[in-house]
Amino acid sequence: MVDNFPIFDNMETADIDTTLIDGYLQMLNNLSPSNKLDLISKLTASVKSDITNKKSFFKEAFGAFESEKSADEIINEIRNSRTFTRQIEEF
């Protein structure tokens, strides 16, 4: 059940989306053609922005590691920070 919306009980996500879209379309029927075109323009810009942001986030996940330390210093730091808690049991 979707809280505060008993109309959506036992509905699949696609059904809820369709119901919401139909509701929006009923409201949009009262808008002037100019307002509808403005809304289309803003929705298009929003979708393009979402796509651009997703691509940007993906690209930001890659790249060179930046540090003032040399590679050898970083390697030594990693090796020295290791702790071994494994105890070998005798048979």
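Please treat every number below as a calculation from the coordinates, not as lab data. Please read all numbers here as calculations on a predicted model, not as lab measurements. Every residue, glycine among them, receives a Cβ derived from its backbone with ideal geometry; neighbour counts consider all protein chains shown.
Would the range 45-91 count as rounded, prolate or oblate if I go by the C-alpha gyration tensor, calling it rounded below 1.5 in a/c and otherwise prolate when a/b exceeds b/c, oblate otherwise?
Note, shape of the range 45-91 comes out oblate.
Sort out the exposed loop GluC sites (Glu not before Pro) in the chain (DSSP loop, at most 14 other Cβ within 10 Å) and tell me the longest stretch that has none. Could the numbers behind the result be given before it?
Numbers: sites that count: GLU12, GLU66, GLU68, GLU89, GLU90.
In the chain, the maximal stretch lacking such sites is 13-65.
For ARG82 and SER56, compute 0.36 nm times the residue count separating them, minus their Cα-Cα distance, and round to one decimal in nm.
Here the answer is 5.9 nm.
Which of SER56, SER46, SER70 ends up with the largest GNM mean-square fluctuation for the chain, with Cα atoms connected below 10 Å?
SER70
Specify which labelled value, from [x] 53, 36, 28; [y] 67, 24, 14; [z] 76, 43, 19, agrees with Cα extents along the principal axes in Å derived from the coordinates of the model shown.
[z]
Starting from the range 14-91, pick out the trypsin sites (Lys or Arg not before Pro) whose DSSP state is loop and whose Cβ has at most 15 other Cβ atoms within 10 Å.
Filter output for the range 14-91: LYS69, ARG82, ARG86.
Using only Cα atoms, find the angle between the long axis of helix 71-81 and the longest principal axis of the chain, and express it within 0 to 90 degrees, rounded to the nearest 10.
The angle comes out at about 80 degrees.
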